[in-house]
Amino acid sequence: MKRGRAMIVLQALLVALITGLSANAALAANCVAPENVNELATEIAAGLNASRQANGERPLRFNRDLGRAAMTHACDMHRNEFFAHIGTDGSNLQQRVRAVGYSDCIVGENIAWGYPRSEQIITGWMNSPGHRTIMLHPRVEEFGIGITTGTRGPYWVLVVGKGC
């Protein structure tokens, strides 16, 4: 159990480092990431993997391409003030992950809007059957996170997948 917890912490730290790079790219694209985006992403990653382990599933590892796809969609929702799984360009999740170079066999997406705290997101997703299924899918292996903030509150995007 201690080894599993250490892996979650290590992966969460890696997410914080990599997500910080994604947040900088988002800022350059007129997309505002919260000042504490690394902390929030780390909390989402830890909550995701803790939920998976509590339900008998392996923890997921961060994937930069999935993170870019998640941030792209979070930025689209922020810039265009909408909340949906289909982008303003008509793109669906599979198109977005493939556009950033991810070759997917399985892919899923959870989105949330307006919740100020990351623990609310994990709790909400785990209490929603469809979102829970995505988070606990037994065959996914990787994840990415996108978080932006706007006048309507934060936009949160979690993308999970398994590459081919």
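List every residue pair whose Cβ atoms lie under 6 Å apart, where the two residues are 6 or more positions apart in sequence or sit on different chains, the first residue falls within segment 91-119 and is among the aromatic types (Phe, Trp, Tyr), and the second residue, located anywhere, is open to solvent by 60 Å² or more (accessible area, probe 1.4 Å) and assigned to a loop (DSSP other than H, G, I, E, B).
Close Cβ pairs (under 6 Å, with a partner that is open to solvent by 60 Å² or more (accessible area, probe 1.4 Å) and assigned to a loop (DSSP other than H, G, I, E, B)) amount to Trp113/Phe83.
For Gly67, indicate whether it is exposed (fewer than 14 other Cβ atoms within 10 Å of the Cβ), modelled with pLDDT of 95 or more and within 18 Å of Gly161 (Cα to Cα).
no
Every residue in segment 105-141 that is assigned to a strand (DSSP E or B) and modelled with pLDDT of 95 or more, please.
Across segment 105-141, the qualifying residues are Cys105, Ile106, Val107, Gly108, Glu109, Asn110, Ile111, Ala112.
From Asn92, Asn63, Asn80, which residue is polar (S, T, N, Q) and in contact with a strand residue (DSSP E or B) (Cβ under 7 Å, 6 or more places away or on another chain)?
Checking each option against the conditions leaves just Asn63.
Mind listing whichever residues of segment 146-164 are under 19 Å from Gln53 (Cα atoms) and open to solvent by less than 20 Å² (accessible area, probe 1.4 Å)?
Leu158, Val159, Val160, Gly161
What single numbered condition from (1) in contact with a Gly (Cβ under 8 Å, 6 or more places away or on another chain); (2) more than 19 Å from Phe143 (Cβ to Cβ) fails to hold for Asn30?
Status for Asn30: all satisfied but (1).
Out of the residues in segment 120-135 that are in contact (Cβ under 8 Å) with a residue 60 or more places away in the chain and closer than 18 Å to Ala70 by Cβ, state the one that is most open to solvent (accessible area, probe 1.4 Å).
Filtering segment 120-135 for residues that are in contact (Cβ under 8 Å) with a residue 60 or more places away in the chain and closer than 18 Å to Ala70 by Cβ, the one most open to solvent (accessible area, probe 1.4 Å) comes out as Ile122.
All but one of (1) modelled with pLDDT of 95 or more; (2) open to solvent by 80 Å² or more (accessible area, probe 1.4 Å) hold for Arg79, so report the exception by its number.
Here Arg79 meets the rest and fails (1).
Within segment 39-57, which residues are crowded, with 21+ Cβ neighbours inside 10 Å and of a type in the set (S, T, N, Q)?
Thr42, Asn49
Just name the residue that is surrounded by the most Cβ atoms within 10 Å (Cβ to Cβ) out of those in segment 99-117 that are touching a strand residue (DSSP E or B) at 6+ places or on another chain (Cβ under 8 Å) and under 14 Å from Pro34 (Cβ atoms).
Taking the candidates together, the pick is Ala112.
Within the group Gly87, Gly144, Gly101, which residue is in a strand (DSSP E or B) and at pLDDT 95 or above?
Gly144
The values are calculated or read from the model by the stated rules, or taken from the named source; none is laboratory data. Given the structure is predicted, the values throughout are model-derived calculations rather than measurements. We place every Cβ from the backbone using ideal geometry, glycine too, and count neighbours over all the protein chains shown. For accessibility, only protein heavy atoms count, side chains too; no ligands or nucleic acids. Shrake-Rupley method; radii C 1.70, N 1.55, O 1.52, S 1.80 Å.
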